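The values are calculated or read from the model by the stated rules, or taken from the named source; none is laboratory data. Please read these numbers as outputs of a predicted model, since none were measured by experiment. Don't worry about glycine lacking a Cβ; one is built from the backbone with ideal geometry, like all the others, and counts go over all protein chains shown.
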Amino acid sequence: MSGRRFAALPMYDFPHLASAHDDWWRAIAARLRADGVDAVPAALTRHRSHVDTWRDPQLLLGQACEYPLWKAFGNSVRLVATPRYRAPGCDGANYRSAILVRADDHAGSIADLKGRRCVINERDSNSGMNLMRAAVAPFAGGDRFFTSVSVSGAHVRSAQMLIEGGADVAAIDCVTFAHLSSADPALTGRLRILAWTPASPCLPYITARSTDGATLGVLRRAMTAALDDPAAGAAGATLLLRGFDFEPDESLQVVGDLERGAAALGYPRLV
């Protein structure tokens, strides 16, 4: 594959992490060029929607949410690696979402959230919707659980809506919550982790389905070398990266099992 290759890492590219993502990509890109990969982009692409990048056959390296990959994009991408993060709620290459309420909310368990207002970042989000649905399903009794489920467009906005009183509960993935806690402790200090959702693999690094096996191998070696390089390791540490699983499950079975499990309990939709 050659031509207008590009790289995009939108999943955790918050403003305060932009420079760390730039450094992280430059370290990977330098190693790709040194190993003979052609048309390696000098900078990350940020002007396109994440969904658009997942469809593009020129994607060299990206990161994606597992649920839409499982539902609609499996034929468009190959999984490069599942990252391992240093964040409370992570275990190896798996992560969970924190089920958040306001700090002064009297709820003591998930069951106490029945009849509350839920907010999710996206309807096809694994961390915001699929994991929340899996956590709620055992308590729903096959019936509506929340009074309403609104869509905020972003995990950070979901957290703000809780504080502003526009919603009562949200599920925010633990890596996002760790970054948000570091960047805005005044905001997260007004929230409380009520419970944790079931786990699923962390958001995978991906490449276009058309990427050949040799380039895939070079990508994996470059990511490992960049993380081990003290010059780039600081960026990796800022991004909470601790390593990678280079044998990811292409079928994303865990993600599908969570949906099927909720449906088996009579709760196929987050309502």
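Taken together, the residues in segment 222-241 that are exposed (fewer than 15 other Cβ atoms within 10 Å of the Cβ) and touching a helix residue (DSSP H, G or I) at 6+ places or on another chain (Cβ under 8 Å) amount to 2. Comparison of LEU227, LEU219, LEU258 shows that the only residue that is modelled with pLDDT under 95, in a helix (DSSP H, G or I) and aliphatic (A, V, I, L, M) is LEU227. ALA167 meets the conditions (1) in the same structural domain as GLU66 (by TED's automatic domain parsing); (2) surrounded by 21 or more Cβ atoms within 10 Å (Cβ to Cβ); (3) part of a loop (DSSP other than H, G, I, E, B) in every case but one. The failed one is (1). For segment 76-90, the tally of residues that are under 19 Å from PHE6 (Cα atoms) and out of contact with any Ser or Thr (no Cβ under 7 Å at 6 or more places or on another chain) stands at 3. Of the set (1) surrounded by 15 or more Cβ atoms within 10 Å (Cβ to Cβ); (2) in the same structural domain as ALA81 (by TED's automatic domain parsing); (3) not acidic (Asp, Glu), all apply to SER210 but (1). Residues being closer than 18 Å to LEU227 by Cβ and among the aromatic types (Phe, Trp, Tyr) are entirely absent from segment 47-63.
Each row is one residue, and each column tells you yes or no for (1) aliphatic (A, V, I, L, M); (2) closer than 30 Å to GLY108 by Cβ; (3) more than 16 Å from the chain's Cα centre (by Cα).
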site	(1), (2), (3)
VAL175	yes, yes, no
ALA178	yes, yes, no
LEU203	yes, no, no
LEU216	yes, no, yes
PRO230	no, no, yes
GLN253	no, no, yes
ASP257	no, yes, yes
ARG260	no, yes, yes
TYR267	no, yes, yes
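So is VAL149 part of a strand (DSSP E or B) and surrounded by 24 or more Cβ atoms within 10 Å (Cβ to Cβ) or not? Walk me through how you get there before you give the answer.
Values: part of a strand (DSSP E or B): yes; surrounded by 24 or more Cβ atoms within 10 Å (Cβ to Cβ): no.
For VAL149, the condition - part of a strand (DSSP E or B) and surrounded by 24 or more Cβ atoms within 10 Å (Cβ to Cβ) - is not met.
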